[in-house]
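Working notes for the structure below.
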Amino acid sequence: MADRFGISSGATLAACAVCAALASIAYAAGPGGDGAIDLSAYPTRSELDASVAAMRLSVPQPATASPPGVAADGVIGASSTQYARADHTHATSVQRANLIIAAAGQPVRWTFAKPYDTGAVPVVVCTARIASGSALPFTVNTVGAPTATYVDLVAYRVQSQVITLSALTAAATAGLSINPFSAAPSGTAVDCVAGKPTQ
């Protein structure tokens, strides 16, 4: 709120505070204004510098290391001395790849761009691309267990031959086994995803 001279109440209070401070100094100096001023109640320059330095140390600083990777559970964090930069990124444990089966029936190796922790067995899931209109399903399997650095994959396709019931009966009677799958043809495209297990 302003008074009749257009001066705000806040400015008036500030001016009064300055006047009071000047008056106290003048009073301490004594009549004539040439007496010594007692400043023992005020901090020295070195004490002020030390206080400012301590305040600067208490202000959080930007992080100097990469943030933790993405985890299954979020955490609040406990650091009160550092803060995350606005353009920081978190590493992911999920990797993706497009692979091509070079030779029919032969495994293809996917070497991970970023190795997992030593001893970790990542979860790998793959699907094969089939031609539009194709009715023959594919399956993609790992050859052995994935390692922390790579996984070997092999793709199979259901055979298109029609097997009659009589042929199945004859094969069973003769003790023969019938494999309904054949090797996926060369050039089959496979899309894969690998991730660190959470359970």
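Looking at the range 76-94, is at least one residue surrounded by 14 or more Cβ atoms within 10 Å (Cβ to Cβ), on the phi < 0 side of the Ramachandran plot and of a type in the set (Gly, Ala, Ser)?
yes
Kindly list the number of the only condition in (1) over 44 Å from the mean Cα position of the chain (by Cα); (2) on the phi > 0 side of the Ramachandran plot; (3) among the small types (Gly, Ala, Ser) that fails for Gly187.
The one condition Gly187 does not meet is (1).
In the range 51-105, how many residues are part of a strand (DSSP E or B) and among the basic types (Lys, Arg)?
Our first condition is that a residue be part of a strand (DSSP E or B); within the range 51-105, this holds for 61-62, 82-83, 95-100.
Then keep just the ones that are among the basic types (Lys, Arg); that gives 96.
Qualifying residue count for the region: 1.
Can you name the condition, by its number, that Ser134 falls short on among (1) within 19 Å of Phe181 (Cα to Cα); (2) buried (at least 16 other Cβ atoms within 10 Å of the Cβ)?
Failed condition: (2).
Based on what the data block shows, is Thr127 over 23 Å from Ala189 (Cβ atoms), touching a residue at least 12 places away in the same chain (Cβ under 8 Å) and either of a type in the set (Val, Ile, Thr) or surrounded by 13 or more Cβ atoms within 10 Å (Cβ to Cβ) (or both)? Before the answer, list the steps.
Working: over 23 Å from Ala189 (Cβ atoms): no; touching a residue at least 12 places away in the same chain (Cβ under 8 Å): yes; either of a type in the set (Val, Ile, Thr) or surrounded by 13 or more Cβ atoms within 10 Å (Cβ to Cβ) (or both): yes.
So Thr127 does not fit the description; no.
FYI, it's all coordinate maths here, none of it is from the lab. Given the structure is predicted, the values throughout are model-derived calculations rather than measurements. A quick note on method: Cβ atoms are made from the backbone with ideal geometry, for glycine too, and the neighbour counts reach across all protein chains shown.
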